[in-house]
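Worksheet for the structure shown next.
The values are calculated or read from the model by the stated rules, or taken from the named source; none is laboratory data. As the structure is a prediction and not an experimental result, all values here were calculated from the model. Every residue, glycine among them, receives a Cβ derived from its backbone with ideal geometry; neighbour counts consider all protein chains shown. Each accessible area value is taken on the protein alone, full model and side chains, heavy atoms only, with ligands, DNA and RNA left out. Shrake-Rupley method; radii C 1.70, N 1.55, O 1.52, S 1.80 Å.
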Amino acid sequence: MLKTDIAIIGAGPAGLNAAISAASMGAGVLLLDRDEFVGGQLIKQTHKFFGSREQHASTRGIDIAGLLHEKVKEYKNIELRLGATVLGYYPDGVITAEYQGRLLKIKAQRYIVATGAAEKSLPFPNNDLPGIYGAGAVQTLTNVYGVLPGQRVLMVGSGNIGLIVSYQLMQAGVEVAGIVEAAPNIGGYLVHAAKIRRAGVPVFTSHTIKEAYGDSVVQGAVIWQLDEKWQPVPGTEKDIKADVICVAVGLTPLTELLWQAGCKMKFVSQLGGHVPVRDENMMTTMPDIYVAGDVSGVEEASAAMVEGKIAGLCAAASIGCSTGEFDELRSRALSQLAELRSGPAGEKIRSGLKLLV
Amino acid sequence: MLIKTGVPTEGDIQRVTPSPERMAGGPVAVIECFQKIPCNPCYLSCKQGAIEEFKDINDLPGIDHGKCTGCGICIANCPGLAIFVVDYTYSDNEGLVKIPYEYLPVPEVNSRVAALNREGQEIGTARVVKVQRIKGQERTPVIWLAVPRDLVMSVRNIRVGGQQ
Ligand SMILES: Cc1cc2nc3c(=O)[nH]c(=O)nc-3n(C[C@H](O)[C@H](O)[C@H](O)COP(=O)(O)OP(=O)(O)OC[C@H]3O[C@@H](n4cnc5c(N)ncnc54)[C@H](O)[C@@H]3O)c2cc1C
Ligand code: SF4
Ligand code: SF4
């Protein structure tokens, strides 16, 4: 049985920041990730981030992962284990993990769950044809492994992920046939949209995919327009040839461990699905379990990093660790978070959190 | 409309275009950022103090074109790639447009490239005058393009060589 003060599950931006903050308070930290590298979603992100300087705006996601990794290495009281998949939480407060073919048992005084989110899919006829991917898979293939998914991509979804992945595909030399968006307006940031528009990619707002077609692999799709009541308008069909259809219709929190642990969960559509009920300090209804990042509501890396800081600080404080700066660090992080969410782009998150915290 | 098409309207562009007097005075930044998002590197990167301090990180950037020298540092620091520098004083019949460009290949100096507008349509030819690498943002080269004067406010992208 491995013993530690705080075990953190997931080494994305939220988990890395939680580890750094908890360790800076003097806590012993065990940081686990099922991947072979740290950074979570960040390692796929070759574009420059928004947000504020304090959360590394203007730096590319992948470089942020590197910066945080270096910081983690500076702390002797952080033990990082990669390739460790956490499997379950047991009533005696023990978690198990699969690590190098072995089963690990871990007992920590506090857990911080920072497992991120999983992609949603979209039902349409023939959506099981080879060549139809989630945006995360396309990004992983292209940006992590250097493998192009195909030659001509039809993107479904104009949120930031759909827009950014379209841009990254073009940078990799793949043609983007267009972006299909069911809503009347573009969902992601308009500066991202302008970037792909001036590269000549059309955005079909108020359109959805009617069906994909192809013999043994996808060869294209038929899209059609939606009216104000989101009903398809017959006669508006367009045929778009593509050897890849990339589905980017949103993420949903990866909450299995929290369900299993018995944390109180609530469905909040603005946050991406079922999310854990927690307080301002990121503590769930189980006093030994904290959360941070997309698992507690699908948002942005900038917010995930600040939530990680708060969870790390508060979990460490709850087991008696202290530094003179705790109050100041905590209140600064809380106000950063409020600021990030204060504008029109944060409206959805704010309304979701009202139902939760 | 921008939110439906992703392309700013003429009205949008007019609101952020420097005055004719300022345009006649040499290089100046045009910030094509029209939506409140939590982002402020443009302000933080401008050494001239031309971009107003953000009271709230969601503010739209405000620029004092009088203080702007057109240095282009903000171009490479804006994660939205939404800032351009225009210069009507470049030569008698050509103006200069500086754009951020994150595709490969990076064009060669003195080469001719297709000049594209905000919808990606080819509207003319541009000559590459310089490829500027801003410190700390070397992977977002700023390409200086000489274009016919009447296209200065329309050219916002290029197509290099055989790339589609
Ligand atoms: C294309 C794209 C563009 C984006 N652009 C921006 C942007 O410009 N600005 C911005 O602020 N945000 C952006 N984001 C959002 C940002 O990437 C996420 O909000 C952020 O990564 C969430 O961080 P996280 O730490 O909560 O989760 P993740 O980054 O998803 O990390 C979770 C980690 O947990 C691990 N894990 C999960 N389950 C287990 C388990 N059972 N055992 C062990 N490990 C586990 C995973 O392997 C992963 O490493 C973008 C996202 C995408 C997809
Ligand atoms: S071009 Fe230079 S002076 Fe003008 S706003 Fe940008 S950074 Fe400031
Ligand atoms: S840095 Fe760019 S995207 Fe961000 S606020 Fe400034 S102009 Fe807009």
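Note on segment A:36-139: Cα convex hull, mean projected area over all directions, 10.3 nm².
The angle between the Cα long axis of helix A:61-74 and the longest principal axis of the Cα atoms of chain A comes to about 10 degrees, rounded to the nearest 10.
The relative contact order of segment B:21-164 comes to 22 percent, based on Cα pairs under 8 Å that sit 6 or more residues apart. Taking θ as phi - 60° and the Karplus parameters 6.51, -1.76 and 1.60, the scalar couplings of segment B:49-56 work out to x, 7, 8, 5, 4, 7, 6, 10 Hz in sequence order, x denoting glycine and proline.
Note that segment B:135-143 has calculated 3J(HN,Hα) couplings of 4, x, 10, 4, 7, 10, x, 9, 9 Hz, one per residue in order, obtained from phi through the Karplus relation 6.51 cos²θ - 1.76 cosθ + 1.60 (θ = phi - 60°); glycine and proline are x. In segment B:127-164, burial by the other protein chains removes 30 Å² or more of accessible area from B:137, B:139, B:157, B:164, compared with the chain on its own (1.4 Å probe, ligands and nucleic acids ignored). Comparing the full protein assembly with the isolated chain (1.4 Å probe, heavy atoms, ligands and nucleic acids excluded), the residues of segment B:55-88 losing at least 20 square angstrom of accessible area are B:56, B:57, B:58, B:77, B:79, B:80, B:81. Orientation-averaged projection of chain B equals 9.4 nm² [convex hull of Cα atoms, one quarter of hull surface area]. For the pair residue A:67 and residue A:120 in one chain, pulling the backbone fully straight at 0.36 nm per residue adds 16.1 nm over the alpha carbon distance. Calculate the length of the line joining the C-alpha centroid of segment A:272-297 to that of segment B:109-164, in whole Å. Result: 47 Å between the Cα centres. One chain, two ends: residue B:44 and residue B:14. Fully extended at 0.36 nm per residue, the span grows by 8.3 nm beyond their Cα-Cα distance. If you take the square roots of the eigenvalues of the alpha-carbon gyration tensor of segment A:121-247 and sort them as a ≥ b ≥ c, do you get rounded (a/c under 1.5), prolate (a/b over b/c) or oblate? Note, shape of segment A:121-247 comes out oblate.
Between the alpha-carbon centres of segment A:156-220 and segment A:83-140 there is a gap of 27 Å. Helix-only arithmetic for chain B: the sum of -39500 (n - 2.57) across DSSP H runs with n ≥ 4, divided by the residue total, places the mean residue ellipticity at 222 nm at -3000 deg cm²/dmol. Considering only alpha-carbon pairs that sit under 8 angstrom and 6 or more positions apart, the relative contact order computed for segment A:1-141 is 31 percent. As a rough guide to protection, the peptides B:149-158, B:73-82 ranked by mean Cβ packing within 10 Å, highest first, stand as B:73-82, B:149-158.
Between the exposed loop cleavage positions of chain A, defined as trypsin sites (Lys or Arg not before Pro) in a non-H, G, I, E, B DSSP state with at most 14 neighbouring beta-carbon atoms within 10 angstrom, the longest gap is A:77-228. Using the Cβ-Cβ distance between residue A:236 and residue A:185 with R0 set to 22 Å, the FRET efficiency works out to roughly 0.75. Give the Debye-formula value of log10 I(q)/I(0) at each listed q (0.06, 0.12, 0.13 Å⁻¹), with one equal scatterer per alpha carbon of the protein assembly as shown, two decimals each. Each listed q corresponds, in turn, to -0.31, -1.14, -1.28.
Given R0 = 35 Å, the distance between the Cβ atoms of residue A:79 and residue A:285 translates into a calculated FRET efficiency of 0.80.
Using the heavy atoms of the protein chains alone and a 1.4 angstrom probe, what is the accessible area of segment A:121-247 per residue in square angstrom? So segment A:121-247 comes to 40 Å² accessible per residue, rounded to a whole number. Note on segment A:225-345: Rg/Rh from Cα positions, Kirkwood definition for Rh, rounded to two decimals, is 1.16. Taking Cβ atoms as reference points and 12 Å as the exclusive limit, the residues near residue A:269 contribute a net charge of +3, counting Lys and Arg as +1 and Asp and Glu as -1. In sequence order, segment A:187-199 has phi-based couplings of x, x, 5, 5, 5, 5, 5, 4, 4, 7, 5, 6, 8 Hz under the Karplus curve 6.51 cos²θ - 1.76 cosθ + 1.60, θ = phi - 60°, and Gly or Pro positions carry x. Applying the criteria of a DSSP loop state and at most 12 other Cβ atoms within 10 Å to the GluC sites (Glu not before Pro) of segment B:29-70 yields B:53. In chain A, the DSSP-assigned H stretches of four residues or longer account for a calculated mean residue ellipticity at 222 nm of -8500 deg cm²/dmol, using -39500 (n - 2.57) per stretch and the full residue count as denominator. Summary value for segment A:121-247: 32 percent relative contact order, contacts being C-alpha pairs under 8 angstrom separated by 6+ residues.
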